[in-house]
Amino acid sequence: MKSTEQKFKTIEVDGKQRYYEPAPKGISAANFRKVVESRRSVRKFTDKPIPKEVLDDCLDMALLAPCSSGLQPWDFYVVKTPAKKAKLVTACLGQLAAKTAQELIVCVARVDRVSEFSKKMIKEWPMPEVPTLVRRYYQLIPYNYAPGPLNSFAMMKKAASNVGGLIAPLPRGPYTRSEVELWAAKSAALACENLVLAFRAHGFDTCMMEGYDEARVRKLLKLSDDAFPIMVIGAGERADDGVFWPQIRFERELFVHEI
Ligand SMILES: Cc1cc2nc3c(=O)[nH]c(=O)nc-3n(C[C@H](O)[C@H](O)[C@H](O)COP(=O)(O)O)c2cc1C
(Lines give C-alpha, C1' and ligand atoms only; values in the text may rest on other atoms or scores of the structure.)
Protein backbone atom coordinates (compact mmCIF):
# COMPACT_ATOMS: atom_id res chain seq x y z
CA MET A 1 0.00 0.00 0.00
CA LYS A 2 1.35 3.48 -0.76
CA SER A 3 0.09 6.97 -0.90
CA THR A 4 -0.10 8.37 -4.45
CA GLU A 5 -1.41 11.73 -3.24
CA GLN A 6 -2.07 13.05 0.24
CA LYS A 7 -5.78 12.66 -0.22
CA PHE A 8 -6.22 8.91 -0.72
CA LYS A 9 -4.43 5.61 -0.47
CA THR A 10 -3.95 2.97 -3.08
CA ILE A 11 -3.19 -0.71 -2.94
CA GLU A 12 -1.66 -2.92 -5.59
CA VAL A 13 -4.05 -5.61 -6.85
CA ASP A 14 -3.01 -7.87 -9.76
CA GLY A 15 -0.19 -5.47 -10.62
CA LYS A 16 -2.49 -2.41 -10.74
CA GLN A 17 -2.86 0.41 -8.27
CA ARG A 18 -6.41 0.47 -6.88
CA TYR A 19 -8.11 2.92 -4.56
CA TYR A 20 -7.87 1.63 -0.99
CA GLU A 21 -10.53 2.30 1.63
CA PRO A 22 -10.70 -0.67 3.99
CA ALA A 23 -13.82 -1.30 6.07
CA PRO A 24 -13.32 0.37 9.45
CA LYS A 25 -13.27 -2.01 12.37
CA GLY A 26 -14.57 -1.69 15.90
CA ILE A 27 -17.95 -0.11 15.09
CA SER A 28 -20.46 -1.16 17.71
CA ALA A 29 -23.49 -2.94 16.28
CA ALA A 30 -24.99 -2.69 19.76
CA ASN A 31 -24.84 1.11 19.64
CA PHE A 32 -26.27 1.18 16.13
CA ARG A 33 -29.07 -1.11 17.29
CA LYS A 34 -29.75 1.26 20.21
CA VAL A 35 -30.12 4.15 17.77
CA VAL A 36 -32.36 2.18 15.41
CA GLU A 37 -34.51 0.61 18.13
CA SER A 38 -34.97 3.79 20.13
CA ARG A 39 -36.04 5.83 17.09
CA ARG A 40 -39.74 6.40 17.34
CA SER A 41 -42.08 8.83 15.69
CA VAL A 42 -42.40 11.50 18.33
CA ARG A 43 -45.49 13.68 18.19
CA LYS A 44 -44.75 15.96 21.15
CA PHE A 45 -41.48 17.74 21.83
CA THR A 46 -40.20 19.79 24.78
CA ASP A 47 -39.04 23.40 24.59
CA LYS A 48 -35.36 22.42 24.61
CA PRO A 49 -33.66 23.88 21.56
CA ILE A 50 -31.46 21.74 19.34
CA PRO A 51 -27.91 23.15 19.42
CA LYS A 52 -26.79 24.48 16.05
CA GLU A 53 -23.80 22.12 15.96
CA VAL A 54 -26.14 19.15 16.44
CA LEU A 55 -28.52 20.32 13.71
CA ASP A 56 -25.62 20.90 11.32
CA ASP A 57 -24.05 17.55 12.14
CA CYS A 58 -27.36 15.76 11.51
CA LEU A 59 -27.81 17.55 8.17
CA ASP A 60 -24.24 16.65 7.23
CA MET A 61 -24.98 13.00 8.01
CA ALA A 62 -28.17 13.18 5.93
CA LEU A 63 -26.08 14.35 2.99
CA LEU A 64 -23.90 11.24 3.32
CA ALA A 65 -26.81 8.97 2.41
CA PRO A 66 -26.33 6.73 -0.60
CA CYS A 67 -27.82 8.26 -3.72
CA SER A 68 -28.45 6.96 -7.21
CA SER A 69 -25.37 7.51 -9.40
CA GLY A 70 -24.06 9.76 -6.62
CA LEU A 71 -26.25 12.56 -7.99
CA GLN A 72 -27.68 13.84 -4.68
CA PRO A 73 -31.14 14.77 -5.97
CA TRP A 74 -32.26 16.47 -2.76
CA ASP A 75 -32.52 19.74 -0.89
CA PHE A 76 -33.13 20.30 2.81
CA TYR A 77 -34.96 23.46 3.85
CA VAL A 78 -34.51 24.28 7.52
CA VAL A 79 -37.44 26.59 8.17
CA LYS A 80 -36.20 29.10 10.72
CA THR A 81 -38.21 32.30 10.21
CA PRO A 82 -41.08 32.27 12.77
CA ALA A 83 -43.66 33.46 10.23
CA LYS A 84 -42.62 30.80 7.74
CA LYS A 85 -42.55 28.17 10.48
CA ALA A 86 -46.11 29.10 11.44
CA LYS A 87 -47.17 28.72 7.81
CA LEU A 88 -45.47 25.33 7.63
CA VAL A 89 -47.24 24.16 10.78
CA THR A 90 -50.54 25.17 9.18
CA ALA A 91 -49.53 23.37 5.98
CA CYS A 92 -48.79 20.31 8.15
CA LEU A 93 -52.46 20.43 9.12
CA GLY A 94 -51.54 21.75 12.57
CA GLN A 95 -50.11 18.38 13.63
CA LEU A 96 -48.75 18.42 17.18
CA ALA A 97 -45.46 16.98 15.90
CA ALA A 98 -45.06 20.07 13.73
CA LYS A 99 -46.44 22.55 16.26
CA THR A 100 -44.13 21.48 19.09
CA ALA A 101 -41.05 20.74 16.94
CA GLN A 102 -37.97 22.84 17.68
CA GLU A 103 -36.86 22.45 14.09
CA LEU A 104 -38.89 21.84 10.97
CA ILE A 105 -37.01 20.54 7.99
CA VAL A 106 -38.49 19.92 4.57
CA CYS A 107 -36.75 17.40 2.36
CA VAL A 108 -37.30 18.15 -1.30
CA ALA A 109 -36.44 15.86 -4.22
CA ARG A 110 -35.20 17.45 -7.44
CA VAL A 111 -35.14 16.20 -10.99
CA ASP A 112 -33.66 19.32 -12.56
CA ARG A 113 -30.01 19.01 -11.56
CA VAL A 114 -29.16 15.73 -13.27
CA SER A 115 -27.27 17.41 -16.07
CA GLU A 116 -25.57 20.00 -13.87
CA PHE A 117 -24.52 17.45 -11.25
CA SER A 118 -23.33 14.95 -13.87
CA LYS A 119 -20.96 17.63 -15.18
CA LYS A 120 -19.96 18.52 -11.61
CA MET A 121 -19.22 14.87 -10.92
CA ILE A 122 -16.77 14.73 -13.82
CA LYS A 123 -15.24 18.07 -12.87
CA GLU A 124 -14.83 17.18 -9.21
CA TRP A 125 -13.86 13.52 -9.64
CA PRO A 126 -11.70 12.83 -6.56
CA MET A 127 -8.81 11.21 -8.41
CA PRO A 128 -6.41 12.72 -10.93
CA GLU A 129 -7.86 10.77 -13.89
CA VAL A 130 -11.59 10.37 -14.55
CA PRO A 131 -11.90 6.75 -15.77
CA THR A 132 -13.21 6.67 -19.35
CA LEU A 133 -16.24 4.56 -18.39
CA VAL A 134 -17.11 6.94 -15.58
CA ARG A 135 -16.84 9.94 -17.90
CA ARG A 136 -19.06 8.25 -20.51
CA TYR A 137 -21.56 7.26 -17.85
CA TYR A 138 -21.99 10.82 -16.61
CA GLN A 139 -22.08 12.16 -20.14
CA LEU A 140 -24.96 9.78 -20.93
CA ILE A 141 -27.03 10.15 -17.78
CA PRO A 142 -28.63 13.51 -18.71
CA TYR A 143 -29.93 11.90 -21.93
CA ASN A 144 -31.05 8.73 -20.14
CA TYR A 145 -33.06 10.67 -17.59
CA ALA A 146 -34.67 13.17 -19.96
CA PRO A 147 -38.30 12.13 -20.48
CA GLY A 148 -38.80 14.65 -23.31
CA PRO A 149 -42.01 16.55 -24.07
CA LEU A 150 -45.03 14.46 -22.97
CA ASN A 151 -42.68 11.58 -22.20
CA SER A 152 -41.92 11.22 -25.90
CA PHE A 153 -38.22 10.35 -25.44
CA ALA A 154 -39.19 8.08 -22.58
CA MET A 155 -41.57 6.08 -24.77
CA MET A 156 -38.92 5.65 -27.46
CA LYS A 157 -36.33 4.57 -24.91
CA LYS A 158 -38.84 2.18 -23.31
CA ALA A 159 -39.64 0.59 -26.68
CA ALA A 160 -35.93 0.24 -27.46
CA SER A 161 -35.13 -1.30 -24.08
CA ASN A 162 -38.11 -3.70 -24.37
CA VAL A 163 -36.68 -4.98 -27.65
CA GLY A 164 -33.04 -4.94 -26.54
CA GLY A 165 -34.02 -6.53 -23.22
CA LEU A 166 -35.15 -9.67 -25.05
CA ILE A 167 -31.53 -10.29 -25.95
CA ALA A 168 -29.64 -9.15 -22.84
CA PRO A 169 -30.32 -7.65 -19.42
CA LEU A 170 -30.80 -3.89 -19.74
CA PRO A 171 -31.74 -1.07 -17.40
CA ARG A 172 -35.45 -0.33 -17.98
CA GLY A 173 -35.53 3.23 -16.80
CA PRO A 174 -36.05 5.64 -15.20
CA TYR A 175 -37.46 7.05 -18.43
CA THR A 176 -40.86 8.67 -17.90
CA ARG A 177 -41.29 11.80 -15.83
CA SER A 178 -42.90 9.85 -12.99
CA GLU A 179 -40.11 7.26 -13.08
CA VAL A 180 -37.51 10.01 -12.84
CA GLU A 181 -39.44 11.53 -9.93
CA LEU A 182 -39.47 8.16 -8.21
CA TRP A 183 -35.74 7.91 -8.89
CA ALA A 184 -35.15 11.19 -7.04
CA ALA A 185 -37.61 10.33 -4.25
CA LYS A 186 -35.83 7.06 -3.44
CA SER A 187 -32.50 8.76 -2.73
CA ALA A 188 -34.11 11.69 -0.92
CA ALA A 189 -35.99 9.31 1.40
CA LEU A 190 -32.72 7.57 2.26
CA ALA A 191 -31.26 10.94 3.24
CA CYS A 192 -34.31 11.51 5.47
CA GLU A 193 -33.65 8.23 7.25
CA ASN A 194 -30.01 9.23 7.80
CA LEU A 195 -31.26 12.51 9.22
CA VAL A 196 -33.66 11.00 11.74
CA LEU A 197 -31.12 8.39 12.88
CA ALA A 198 -28.52 11.13 13.28
CA PHE A 199 -30.87 13.12 15.52
CA ARG A 200 -31.51 9.99 17.59
CA ALA A 201 -27.77 9.37 17.93
CA HIS A 202 -27.49 12.93 19.29
CA GLY A 203 -30.25 12.27 21.83
CA PHE A 204 -32.99 14.11 19.92
CA ASP A 205 -36.09 12.78 18.19
CA THR A 206 -38.10 13.32 15.08
CA CYS A 207 -41.37 12.77 13.32
CA MET A 208 -41.42 12.22 9.58
CA MET A 209 -44.57 13.77 8.13
CA GLU A 210 -46.24 13.44 4.79
CA GLY A 211 -49.51 14.67 6.23
CA TYR A 212 -49.31 18.16 4.72
CA ASP A 213 -50.89 20.31 2.09
CA GLU A 214 -48.35 19.98 -0.71
CA ALA A 215 -49.56 23.06 -2.57
CA ARG A 216 -48.97 25.21 0.53
CA VAL A 217 -45.53 23.69 1.18
CA ARG A 218 -44.57 24.27 -2.45
CA LYS A 219 -45.72 27.88 -2.24
CA LEU A 220 -43.88 28.51 1.02
CA LEU A 221 -40.61 27.14 -0.39
CA LYS A 222 -41.21 28.65 -3.84
CA LEU A 223 -40.54 25.28 -5.47
CA SER A 224 -40.38 24.92 -9.22
CA ASP A 225 -42.22 22.11 -11.01
CA ASP A 226 -38.97 20.12 -10.96
CA ALA A 227 -38.81 19.97 -7.18
CA PHE A 228 -41.26 18.27 -4.88
CA PRO A 229 -41.46 17.79 -1.11
CA ILE A 230 -40.73 14.26 0.09
CA MET A 231 -41.51 14.82 3.74
CA VAL A 232 -41.45 17.36 6.52
CA ILE A 233 -39.37 16.30 9.51
CA GLY A 234 -40.11 17.74 12.92
CA ALA A 235 -37.26 17.44 15.41
CA GLY A 236 -36.69 18.18 19.06
CA GLU A 237 -36.36 16.61 22.47
CA ARG A 238 -38.91 13.88 23.14
CA ALA A 239 -41.53 14.93 25.70
CA ASP A 240 -42.30 12.38 28.42
CA ASP A 241 -45.60 11.70 26.70
CA GLY A 242 -44.19 12.25 23.19
CA VAL A 243 -44.62 8.68 21.96
CA PHE A 244 -48.25 7.71 21.82
CA TRP A 245 -48.12 3.90 21.77
CA PRO A 246 -45.67 0.98 21.64
CA GLN A 247 -44.07 0.27 18.29
CA ILE A 248 -46.07 -2.08 16.07
CA ARG A 249 -44.27 -4.38 13.63
CA PHE A 250 -45.84 -7.46 12.07
CA GLU A 251 -44.11 -10.84 12.01
CA ARG A 252 -40.95 -10.86 9.90
CA GLU A 253 -42.21 -13.83 7.81
CA LEU A 254 -44.59 -11.40 6.12
CA PHE A 255 -41.69 -9.38 4.79
CA VAL A 256 -38.47 -11.37 4.63
CA HIS A 257 -38.29 -13.97 1.89
CA GLU A 258 -35.47 -16.34 1.12
CA ILE A 259 -35.69 -17.62 -2.41
C1 LIG B 1 -43.20 8.76 4.79
C2 LIG B 1 -43.77 8.87 6.17
C3 LIG B 1 -44.78 9.77 6.42
C4 LIG B 1 -45.29 9.92 7.70
N5 LIG B 1 -46.23 10.88 7.95
C6 LIG B 1 -46.64 11.10 9.22
C7 LIG B 1 -47.48 12.19 9.53
O8 LIG B 1 -47.85 12.98 8.68
N9 LIG B 1 -47.85 12.35 10.82
C10 LIG B 1 -47.44 11.53 11.81
O11 LIG B 1 -47.82 11.74 12.96
N12 LIG B 1 -46.63 10.48 11.54
C13 LIG B 1 -46.20 10.26 10.28
N14 LIG B 1 -45.34 9.25 10.00
C15 LIG B 1 -44.88 8.38 11.08
C16 LIG B 1 -45.50 6.99 10.98
O17 LIG B 1 -46.84 7.05 11.35
C18 LIG B 1 -44.69 6.06 11.87
O19 LIG B 1 -43.39 5.96 11.33
C20 LIG B 1 -45.29 4.68 11.96
O21 LIG B 1 -46.55 4.73 12.57
C22 LIG B 1 -44.39 3.74 12.73
O23 LIG B 1 -44.07 4.25 14.01
P24 LIG B 1 -42.55 4.49 14.46
O25 LIG B 1 -41.97 5.51 13.53
O26 LIG B 1 -42.63 5.01 15.86
O27 LIG B 1 -41.83 3.18 14.35
C28 LIG B 1 -44.82 9.09 8.74
C29 LIG B 1 -43.81 8.17 8.48
C30 LIG B 1 -43.28 8.07 7.22
C31 LIG B 1 -42.15 7.11 6.96
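The values are calculated or read from the model by the stated rules, or taken from the named source; none is laboratory data. As the structure is a prediction and not an experimental result, all values here were calculated from the model. Using ideal geometry, Cβ is built from the backbone for each residue, glycine included, and neighbour counts are taken over all protein chains shown. These accessible areas exclude ligands, DNA and RNA; they are computed on the full protein's heavy atoms, side chains included. Shrake-Rupley method; radii C 1.70, N 1.55, O 1.52, S 1.80 Å.
Distant-in-sequence amide contacts of TYR20, defined by a placed amide H-H separation under 5 Å and a gap of 5 or more residues or a different chain, comprise LYS9, THR10, ILE11. Gain in length, LYS16 to GLU210, computed as 0.36 nm per residue apart minus the alpha-carbon separation, to one decimal in nm? Between LYS16 and GLU210, full extension yields an extra 64.9 nm. Each residue of the range 146-159 is assigned a 3J(HN,Hα), and the resulting list reads 9, x, x, x, 6, 6, 4, 5, 4, 5, 5, 5, 5, 4 Hz, derived from the Karplus form 6.51 cos²θ - 1.76 cosθ + 1.60 (θ = phi - 60°), x at Gly and Pro. Along its principal axes, the chain has C-alpha extents of 59, 52, 43 angstrom, given from the largest down. The peptide list 95-106, 233-244, put in order of mean Cβ contacts within 10 Å with the highest first, becomes 95-106, 233-244. Compared with the dominant Cα axis of the chain, that is its longest principal axis, helix 82-91 is turned about 80°. Put simply, the amide H of GLN102, placed in the peptide plane, has neighbours under 5 Å in ALA235, GLY236, GLU237, leaving out anything fewer than 5 places away on its chain.
Once the C-beta distance of SER115 and LYS222 is scaled by a Förster radius of 25 Å, the resulting FRET efficiency is 0.70 to the nearest 0.05. Take each peptide in 52-62, 175-185, 11-21, 77-87, count the other Cβ atoms within 10 Å of every residue, and average; sorted highest first, the result is 175-185, 52-62, 77-87, 11-21. Share of carbon and sulfur in the accessible area of the chain stands at 58%, probe radius 1.4 Å. Averaged over its residues, the range 98-220 has an accessible area of 56 Å² per residue, based on protein heavy atoms and a 1.4 Å probe. Scalar couplings 3J(HN,Hα) for the range 129-137, obtained by applying the Karplus form with A = 6.51, B = -1.76, C = 1.60 to θ = phi - 60°, are 10, 7, x, 3, 5, 5, 4, 4, 4 Hz; x denotes Gly and Pro.
If one takes the longest principal axis of the Cα atoms in the chain, at what angle in degrees, from 0 to 90 and to the nearest 10, does the Cα axis of helix 29-38 lie? Roughly 50 degrees between the two axes.
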